[in-house]
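The values are calculated or read from the model by the stated rules, or taken from the named source; none is laboratory data. Note that this is a predicted model, so its numbers are computed, not measured. Virtual Cβ from ideal backbone geometry, glycine too; neighbours counted across all protein chains shown.
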Amino acid sequence: MLKAIITYERDHRKISFISETFSFGYSINTIPLLSKKDVEITLDETVRVLKTNGLCFLNFISIDNEVIADSYFEGNELDKYFIKIELLGKEKK
C-alpha cells in the first residue's frame, strides 16, 4: 500500500521533520517565491530531511522566463546549490 505524508510547511528554511525522514520530496513553484539566500537554506533543509539516496524534484525559473518571481537564475548559477546533491537531470525550458 502507498504511504504518504502531506505537509504544508510555513517556513521551508526550517522543516519540522527529523533528519533522513523522507525517501522522496516534491516541490513545484515554491523555490521561485524565495530569495536567493532562502533558496540555499531551503535546499540544505531538503537535503537534511531526505534519506541517503533519496530523490527530490524541484523547479526553478531562469532569467529568460517571463514569469514574475523573487529569484531568477542565470546559466549555471544554480550549480553552487547542488554541491551536496547528485543531479539526475537538468533541463531548460
Can you find a residue that is assigned to a strand (DSSP E or B) and modelled with pLDDT under 70 anywhere in the stretch 29-52? no
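Please determine, by comparing only the residues of the stretch 1-13 that are surrounded by fewer than 11 Cβ atoms within 10 Å (Cβ to Cβ) and among the basic types (K, R), which one is modelled with the highest pLDDT.
From the stretch 1-13, those surrounded by fewer than 11 Cβ atoms within 10 Å (Cβ to Cβ) are 1-8, 10; that's our starting set.
Still in the running and among the basic types (K, R): 3, 10.
Values: K3: 65, R10: 68.
If we take residues in the stretch 1-13 being surrounded by fewer than 11 Cβ atoms within 10 Å (Cβ to Cβ) and among the basic types (K, R), then R10 is modelled with the highest pLDDT.
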Looking at S19, S71, can you tell me which residue is touching a helix residue (DSSP H, G or I) at 6+ places or on another chain (Cβ under 8 Å), at pLDDT 85 or above, among the hydroxyl-bearing types (S, T, Y) and closer than 22 Å to L87 by Cβ? S19
